[in-house]
Structures are given as C-alpha cells and as structure tokens.
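*Asks:* First the structure, then my questions, so here it is.
Nothing in this text is a laboratory measurement; each read-out follows from the coordinates by a stated rule. What you are looking at is a predicted structure, and each value in this text was computed from that prediction instead of being measured. Heads up, the Cβs are rebuilt from the backbone with ideal geometry, glycines too, and the neighbour counts pull from every protein chain shown.
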Amino acid sequence: MGWIDISRPLNDRISTWPEDTPYSYRRTATKKESGSVNIGEITMSVHTGTHIDAPFHFDNEGKRVNELDINVYIGRTKVVDCRGFEAIGAAAFEGIDLENVERVLIKTDAFPDSRIFPEEIPYLKPEVAEFFKEKNIRLVGVDVPSVDPMDSETLDAHHALFSSGVHILENADLREVESGLYDLSALPLALEEADGSPVRAVLKSVYD
C-alpha cells in the first residue's frame, strides 16, 4: 500500500465556517493571453479543509505558523477509532497502546460530506490534554472542523492542548482509514504571521 491522502479536496463545493472566506480559484491569465502559461490565484480562509491551527489562532501572544516546529507534523501516528463518542476524553483510549507514538488521529466519521458543514460534532474534553501530555503525544488530529464544540467561544480544548504541548490538526478525512499505526506527513505552509495553514495530509501504514 502506498500513501493514503487524508486531505479534503479544496474546491468551490467545500463548506466553510459561517461568515468565513470561502475557497475559490480563478485563472488570472490564460496560456492564450500570456503566450506561454496559465496562471491562477486562490482565496480562502486558512481554516478551510484539512489544516493546522497555530496558537495565534486563539491567543494573541501565541506562536504563528512559521514559528512552529515542522517535525511535529511528520512521523509515527496512531489512528484511534472513536466513533460513537459525543465527547472524547481519556476513557476513549482505554486499552489503546500509545507507547512510542507521538501523534494521534481520532476517527469519528461524523463529517462524511465536505459540502455540508456540521451543526454538531464530537469534541475533545479539555482534560484529555493532560492525558496526552502524560503519554508524550505532540499532535492530535480530528476528522471534524474543530477540537471544540461548534458553538464554543472559549475554545477550552484548543487552549488546554497547546498548554500541554499538543499541536492541532483538524478536518482530516479518515473515512477510508482503519485503526492502527501509520507514518504521517501533514506539513503546514511556511506562512509568516498566519494563525493556521492548509496541509496536504497523507498516511502510510507501517506494516507495508
């Protein structure tokens, strides 16, 4: 098995947070016009599709994207099946071996259609951040738009995770991914001053 793309395709059909900047692509020059190439531009929120959050997203004193350690987003990862949970805490990981794993991806299958933005999602309980810290987890990823409830204004899980040294990946597509060990690459763009970044997230089973 090769690499598995767990990124949500960016197109004009992908849903976004209400009042956020929708994705669009347009050609600013055609090959006919330029004589040699097509040239395009995109506009979008950095929180569209599969993306990472930087602490500056919710903390004015937090690190920006270009200040984050890129090594966090590459390496051994455990995909954990948490389907059926409304709120995900340490109990969801009972019996799950997280030894020698620094990254966790949480599969909920709660956001199957990228065109329809969910009103409710499974979310992370803030106290799970301390559990991840004890297990030396550096990155947690979810297959929904946020680690917090959709109507949260305090973003308690965001704050708790980063306070515990846990980085955040959101809106991955894990529908075709089984539980188990993988290698992950989900590198953010080198965006100076940004509060988040889209990523091309891919997995490869370590058993291949």
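*Asks:* Which one, 27, 13, 64, has the greatest fluctuation when you compute a Gaussian network model over the chain with C-alpha springs under 10 angstrom?
*Replies:* Fluctuation is largest for 27.
*Asks:* Rounded to whole Å and ordered largest first, report the semi-axes of the equivalent ellipsoid of the stretch 125-208 derived from its Cα gyration tensor (root of 5λ).
*Replies:* Working: eigenvalues 95, 58, 37 Å².
Equivalent ellipsoid of the stretch 125-208: 22, 17, 14 Å, largest first.
*Asks:* List the relative contact order of the chain as a percent without decimals, with contacts defined as Cα pairs under 8 Å and 6+ residues apart.
*Replies:* Working: 463 pairs, mean separation 62.9, N = 208.
Reported as a whole number, the value is 30 percent.
*Asks:* If each of residue 36 and residue 133 carries a label point 7 Å out from its Cα toward its Cβ, how far apart are those two points in nm?
*Replies:* Modelled inter-label distance: 5.5 nm.
*Asks:* Of all GluC sites (Glu not before Pro) in the stretch 164-200, which ones are in loop regions per DSSP and have a Cβ with at most 12 other Cβ atoms within 10 Å?
*Replies:* Numbers: sites: 170, 176, 178, 192, 193; in loops: 176, 178, 192, 193.
Here the GluC sites (Glu not before Pro) that fit, given the DSSP loop and packing criteria, are 176, 178, 192, 193.
*Asks:* Quick check on the chain: helices-only [θ] at 222 nm, where DSSP H runs of length 4 and up contribute -39,500 (n - 2.57) each and the sum goes over total residues. Nearest 500, please. Before the final figure, lay out the partial values.
*Replies:* Numbers: 3 runs with 19 residues, N = 208.
Here the helix-only value at 222 nm equals -2000 deg cm²/dmol.
*Asks:* Counting only the backbone N, which residues of the stretch 44-82 are under 11 Å from the spot 7 Å out from the Cα of residue 24 toward its beta-carbon?
*Replies:* It comes to 44, nothing else.
*Asks:* Next question, about the same structure. How large are Rg and Dmax for the chain when calculated on the C-alpha trace, in angstrom?
*Replies:* Over the chain's Cα set, Rg and Dmax evaluate to 17.4, 61 Å.
*Asks:* Right, next: How big is the antiparallel share of DSSP beta bridges in the chain, given as a percent to the nearest 5? Kindly include the intermediate steps, with their values, before the conclusion.
*Replies:* Working: 24 of 38 bridges.
If I count the DSSP bridges inside the chain, around 65 percent turn out antiparallel.
*Asks:* Compute the signed sum of charges (Lys and Arg +1, Asp and Glu -1) over the other residues within less than 13 Å, Cβ to Cβ, of residue 78. Could the numbers behind the result be given before it?
*Replies:* Working: positive: 76, 103, 107, 135, 138; negative: 81, 97, 99, 102, 178, 183.
It works out to a net charge of -1.
*Asks:* Work out, step by step, the length gained on full extension between residue 4 and residue 190: first 0.36 nm times the residue separation, then minus their alpha carbon distance; give nm to one decimal. Walk me through the numbers before you get to the answer.
*Replies:* Working: separation 186, 0.36 × 186 = 66.96 nm, distance 2.31 nm.
Here the answer is 64.7 nm.
*Asks:* What is the packing order of peptides 70-76, 141-147, 28-34, taking the mean over residues of other C-beta atoms within 10 Å and listing the highest first? Numbers along the way, then the final one.
*Replies:* Working: 70-76: 14.7, 141-147: 24.9, 28-34: 11.0.
So the order, starting with the most tightly packed, is 141-147, 70-76, 28-34.
*Asks:* Can you give the extra length, in nm with one decimal, that the chain gains between residue 97 and residue 58 once fully stretched, where that is 0.36 nm per residue apart less the Cα-Cα distance?
*Replies:* Values: separation 39, 0.36 × 39 = 14.04 nm, distance 3.13 nm.
Value of the extension gain: 10.9 nm.
*Asks:* Oh, and also: What's the local net charge at residue 158, with K and R +1, D and E -1, over the other residues with C-beta under 9 Å away? All intermediate terms of the calculation are to be shown ahead of the outcome.
*Replies:* Numbers: positive: none; negative: 53, 59, 148, 156.
Once positives and negatives cancel, what remains is -4.
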